[in-house]
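Structure record follows, encoded as structure tokens.
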Amino acid sequence: MGDPLNEQDLAAQALALVNQAAGPYLDSLPERLVRDATADPLIDELGGPLPEQGAGALAAIEELLAVGTQASVHSSGPRFFHLVVGGATPAAMAGDWATALLDQNAGLWVTSPLASRLETVVLGWLKDLFGLPQDFGGVLTPSATFANLTGLAAARYWWADRHGVDVVADGLVGLPQMPVLTSGYVHASTRKALQLLGCGRDTLRTFVRDDAGRIDPAALERALIELDGAPAVIVGNLGEVNAGDSDPIDELADLAEQYRAWLHVDGAFGLFAAISPRTAHLARGVERADSITADGHKWLNVPQESGFSFVKDSSILGKTFGGWGAAYLPTLDDEQISYNMHGPESSRRARAFPIWATLRAYGRAGHREMVERHLDVAAHLGRIVDGAPDFELLAPVQLCVTCFRYRPPGVPEPDLDALNARLGAAILEDGRVYVGTTTYRGVTALRPTFVNWRITEPEADLLVQVIREIGPQL
């Protein structure tokens, strides 16, 4: 078809094709297989050599929709319990479509005052939702991993400054290793952030008191004392991925204040505990942290590539990521904010739009109701597991994760790990529900996580049904 200029009148028709497919697809999600392996060969139809002459916008979109609606992993539906993945609320999905339609570059104020202003608005709303002080700095990021990278980059700036070094200008040469102290609950994204920051993935030290990874505060304090006043970074983990447990954030904040350390809290999904009075105690003290991260495409239920990072000292983000010294770019400005000077990206998608849409649509009460429904679903499954002769609950249900294993009578203990590993693989192959396995306290376990806005108790019941159908066959 040649130059897209030849099809400028077809843009709305191409969008209409997506709109026409949306209704039937979304309506099918509650009953659809999460993954239909028989549709995998369709993916090959999208490959082949780069065409010399294109098929045109309408044909290309029709082809993508025909394959995508069949061969996707349908994680937007209510039967996806794998990893910690939310869906996209109706308002957030529509907000994301509006993001693509308006196609704003949210990096600079001059390229989009709308995107910049809405980012400021949603950061304020999120701080309000989580009970954080409004004078915290913040920035939207593509993920919780990028949010951790942002918060720990700010911590690295602070730490180097304590040593009299401008790490932004001069790098890490000549500096000692940055001490990073945490529990066994630390997520891989924290290690990845330290790796990318040049601090070393494996320099992080963990202080644990049991095989679940719970923190040993006394051992952590001894390590701080041994540093003899040298600056350090403490990482608190709010919401652990295997069982939903958390570090005692308030206690870590006490240690950080006493020993003048930086407290970074990874609250990828656990920060949402602050929304409900039933779980707010888990997040107690988070407002005392120096940096806090969370993930939007988990429990906030906005589309993929959404995270947020908050920093107590609002000036540090600009010092860490601004000041590029490029004549064609504006300088830091507290009023007309260019958010690419507050985080690691330059050109940025206007990811504030779907966040604004879902918070505007459902408000504090709607998101609290959703969180509490998921708490109920996880507890409901926990009660089923705890009272069943063929299941074993491996950890108390505290948030949205139910950690357990299949343990039918008569199966020897040494065989249970292999059985549960085969069960996990068979569940994914079956496709009716999606759930992952992990190793928790030395045993292979299932860890369904309930954060998708569509999930209710019948979906947890279906998981039990599927396990009891598949398990005996293994």
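Is it the case that some residue within region 70-79 is outside any loop (DSSP other than H, G, I, E, B), surrounded by fewer than 16 Cβ atoms within 10 Å (Cβ to Cβ) and not hydrophobic (A, V, I, L, M, F, W, C)?
As a first pass, look at region 70-79 and keep what is outside any loop (DSSP other than H, G, I, E, B): 70-71.
Among the residues that remain, those that are also surrounded by fewer than 16 Cβ atoms within 10 Å (Cβ to Cβ) are: none.
No, region 70-79 has no match at all.
All but one of (1) surrounded by 14 or more Cβ atoms within 10 Å (Cβ to Cβ); (2) in contact with a helix residue (DSSP H, G or I) (Cβ under 9 Å, 6 or more places away or on another chain) hold for residue 83; state the number of the condition that does not hold.
Residue 83 satisfies every listed condition except (2).
Right, residue 271: over 26 Å from residue 105 (Cα atoms) and crowded, with 24+ Cβ neighbours inside 10 Å or not?
Details: over 26 Å from residue 105 (Cα atoms): yes; crowded, with 24+ Cβ neighbours inside 10 Å: yes.
Criteria met by residue 271.
Could you check how many residues of region 171-190 are assigned to a loop (DSSP other than H, G, I, E, B) and among the aliphatic types (A, V, I, L, M)? First the steps, then the outcome.
Of the residues in region 171-190, the ones assigned to a loop (DSSP other than H, G, I, E, B) are 171-179, 183-187.
Next cut, among the aliphatic types (A, V, I, L, M) only: 172-173, 175, 178, 186.
Total meeting the criteria: 5.
Say whether the condition of being free of Cβ contacts under 8 Å to residues at least 12 places away in the same chain and either in contact with a Pro (Cβ under 7 Å, 6 or more places away or on another chain) or of a type in the set (Lys, Arg) (or both) is met by at least one residue in region 408-418.
Scanning region 408-418, I find no residue that is free of Cβ contacts under 8 Å to residues at least 12 places away in the same chain and either in contact with a Pro (Cβ under 7 Å, 6 or more places away or on another chain) or of a type in the set (Lys, Arg) (or both), so the answer is no.
Restricting the search to region 333-367, which residues are among the polar types (S, T, N, Q) and either closer than 28 Å to residue 275 by Cα or crowded, with 19+ Cβ neighbours inside 10 Å (or both)?
Correct list: 338, 340, 358.
Looking at region 313-339 only, could you name the residues that are β-branched (Val, Ile, Thr) and more than 23 Å from residue 114 (Cα to Cα)? Walk me through how you get there before you give the answer.
Applying the first criterion (β-branched (Val, Ile, Thr)) to region 313-339 yields 316, 320, 331, 337.
Within region 313-339, 316, 320 meet the criteria.
So which of 274, 212, 253, 193 ends up being closer than 24 Å to residue 377 by Cα, hydrophobic (A, V, I, L, M, F, W, C), assigned by the TED database to the domain that holds residue 344 and in a helix (DSSP H, G or I)? Working first, answer last.
Numbers: 212 fails: in a helix (DSSP H, G or I); 253 fails: closer than 24 Å to residue 377 by Cα; 193 fails: closer than 24 Å to residue 377 by Cα.
Answer to the selection: 274.
Could you list, in sequence order, all residues of region 98-131 that are over 20 Å from residue 357 (Cβ atoms) and surrounded by fewer than 21 Cβ atoms within 10 Å (Cβ to Cβ)? Even if it seems obvious, please write down each step before you answer.
So in region 98-131, the residues over 20 Å from residue 357 (Cβ atoms) come out as 107-111, 131.
Residues satisfying the conditions are 109, 110, 111, 131.
Return the residue satisfying two criteria in turn: it lies in region 1-49 and is over 34 Å from the mean Cα position of the chain (by Cα) and among the charged types (D, E, K, R), and of such residues it is least open to solvent (accessible area, probe 1.4 Å).
7
Does region 350-359 contain at least one residue that is outside any helix (DSSP H, G or I) and either modelled with pLDDT under 95 or not hydrophobic (A, V, I, L, M, F, W, C) (or both)?
Yes, region 350-359 has at least one match.
The values are calculated or read from the model by the stated rules, or taken from the named source; none is laboratory data. Note that the coordinates shown come from a computational prediction; the quantities given were computed from them, not determined experimentally. As a convention, Cβ positions derive from the backbone with ideal geometry for all residues, glycine included, and neighbour counts pool all protein chains shown. Surface areas here come from the heavy atoms of the whole protein model, side chains and all, with no ligands, DNA or RNA. Shrake-Rupley method; radii C 1.70, N 1.55, O 1.52, S 1.80 Å.
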